[in-house]
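We did not get these values from a lab; they are worked out from the coordinates using the rules stated. Just so we're clear, the structure is a prediction, and the values are computed from it rather than from any experiment. Don't worry about glycine lacking a Cβ; one is built from the backbone with ideal geometry, like all the others, and counts go over all protein chains shown.
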Amino acid sequence: MTPEELRHAGLRYDVSGAVATITLDRPEVRNAQTPTMWRALARIGDRIGDDVRAVVVRGEGPTFSAGLDRAVLAPGGGDGQETVAGLLALDDDAMAATIDDYQRGFTFLRDPRFVSVAAVQGHAVGAGFQLALACDLRVVAHDAQLAMLESTLGLVPDLTGTKPLVQCVGYPRALEICVTARMVGAEEAVAIGLATAAVPPDELDDAVADLVAALTAPRPGVVAETKALLLGAGDQDLDGQRRREREAQVRRFRELARTWGG
């Protein structure tokens with residue numbers, strides 16, 4: 001994507017060494033999201049190279065993301081592009097296919113080639129919460145407020161957030177968070193497994209940088225194999241997971257042997 005296309009979508013994308021940073025860059029609307037942004041995120045996911053070992057997702061300014069730009073609910077859209085009215089004009093299959101396209105802006109963050117980290121400050125609500133949930137790990141500032149607000153609009157979370165939410169906090173707590181649309185603060189987020197750490201806002205960048213440094217310290221193949229093992233663990237019985245572990249370890253031994261010149 002060109003810099004102009006990224007700006008139009010409200011995004012920045014930067015790569016420094018093995019670390020890519022995706023920044024939601026619409027601070028004037030608290031980094032509210034649009035379909036244009038979701039499609040651009042999917043395109044960013046397509047261009048991430050094998051040399052990237054960590055992806056950081058953050059918001060410009062004091063808010064991670066206020067969720068869906070409410071302007072897309074009206075004709076013309078938040079950026080003059082796609083609108084909810086346009087979505088409603090489609091038949092069921094076409095509407096579902098369009099939502100599938102939007103979801104691709106979130107699913108790439110599960111790619112086993114890298115570890116994704118959300119740096120969450122201020123509000124991460126609705127689509128913002130789901131974007132943070134799409135990442136493997138979340139570090140939150142003390143002022144962070146997380147919420148799944150879709151129920152207040154008569155909708156369900158549809159940007160891939162339901163599965164990781166259940167994985168993090170369990171079904172009963174996930175149901176309560178989604179249906180009540182209540183805010184989850186930083187301290188609770190850590191306590192229930194939504195975040196790995198909560199830090200003062202002025203220490204968030206350093207905390208994320210320290211975490212990323214630790215994540216990129218092991219050999220690249222180790223992290224990729226480990227992430228793939230853990231991502232698939234919930235879908236396996238013990239014997240199936242044992243098999244996957246054996247197969248992954250064989251690949252690791254072979255890779256190490258090549259580096260040793262064996």
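The stretch 220-260 has equivalent-ellipsoid semi-axes of 22, 11, 4 Å, by the square roots of 5 times the alpha carbon gyration tensor eigenvalues, sorted largest first. Shown in residue order for the stretch 16-25 are the 3J(HN,Hα) couplings computed by the Karplus curve 6.51 cos²θ - 1.76 cosθ + 1.60 at θ = phi - 60°: 10, x, 8, 10, 9, 10, 9, 10, 6, 10 Hz (x for Gly and Pro). For the stretch 3-215, relative contact order (Cα pairs under 8 Å, six or more residues apart, normalised by length) works out to 18 percent.
Under Stokes-Einstein, with the Kirkwood radius over Cα pairs standing in for Rh, what whole-number D in µm²/s applies to the stretch 63-179 at 4 °C and 1.567 mPa s?
Details: Rh = 15.1 Å.
This corresponds to a translational diffusion coefficient of 86 µm²/s.
In sequence order, the stretch 245-258 has phi-based couplings of 4, 4, 5, 5, 5, 4, 4, 5, 4, 5, 5, 4, 4, 5 Hz under the Karplus curve 6.51 cos²θ - 1.76 cosθ + 1.60, θ = phi - 60°, and Gly or Pro positions carry x.
The order of the peptides 198-205, 249-256 by mean Cβ neighbours within 10 Å, most packed first, is 198-205, 249-256. Based on alpha-carbon atoms, the Kirkwood radius and the radius of gyration of the stretch 1-40 give Rg/Rh equal to 0.99.
Per-residue Karplus couplings for the stretch 126-135, computed as 6.51 cos²θ - 1.76 cosθ + 1.60 with θ equal to phi - 60°, are listed in order as x, 4, x, 5, 5, 5, 5, 5, 5, 7 Hz, Gly and Pro entered as x. Comparing mean-square fluctuations of E187, E60, E247 from a GNM of the chain with C-alpha springs under 10 Å, the top value falls on E247. Put simply, the amide H of R138, placed in the peptide plane, has neighbours under 5 Å in A118, T196, leaving out anything fewer than 5 places away on its chain. Simple point charges give the picture: +1 on the Cβ of Lys and Arg, -1 on the Cβ of Asp and Glu, and for the chain a dipole about the Cα centre of about 880 debye. When the charge dipole of the stretch 220-260 is built from unit charges on Cβ atoms (+1 for Lys and Arg, -1 for Asp and Glu) and taken about the Cα centre, the candidate among W260, A224, L238 whose Cα reaches farthest toward its positive end is W260. Amide H contacts for H123 (H built 1.01 Å from N in the peptide plane; partners 5 or more residues away or on another chain; cut-off under 5 Å): F64, S65, Q145. Against the main long axis of the alpha-carbon atoms of the chain, helix 220-233 sits at an angle near 60°. Its Cα centre serving as origin, the stretch 220-260 has a Cβ charge dipole (Lys and Arg +1, Asp and Glu -1) of approximately 240 debye.
Its Cα centre serving as origin, the stretch 107-255 has a Cβ charge dipole (Lys and Arg +1, Asp and Glu -1) of approximately 760 debye. Think of the chain as a dipole: +1 on every Lys or Arg Cβ, -1 on every Asp or Glu Cβ, centred on the Cα centre; then among T152, V84, A248, A248 lies furthest on the positive end.
A compact globular protein would have a Cα radius of gyration near 2.2 N^0.38 Å; the ratio found for the stretch 1-74 is 1.10. Of the residues P164, L175, A127, the one whose Cα sits farthest toward the positive end of the charge dipole of the stretch 105-191, with +1 on the Cβ of Lys and Arg and -1 on the Cβ of Asp and Glu, is P164.
Please report the antiparallel percentage of the DSSP beta bridges confined to the chain, to the nearest 5. The partial results should precede the final answer.
Working: 8 of 31 bridges.
If we restrict to bridges inside the chain, about 25 percent are antiparallel.
Between the alpha-carbon centres of the stretch 140-160 and the stretch 185-205 there is a gap of 16 Å.
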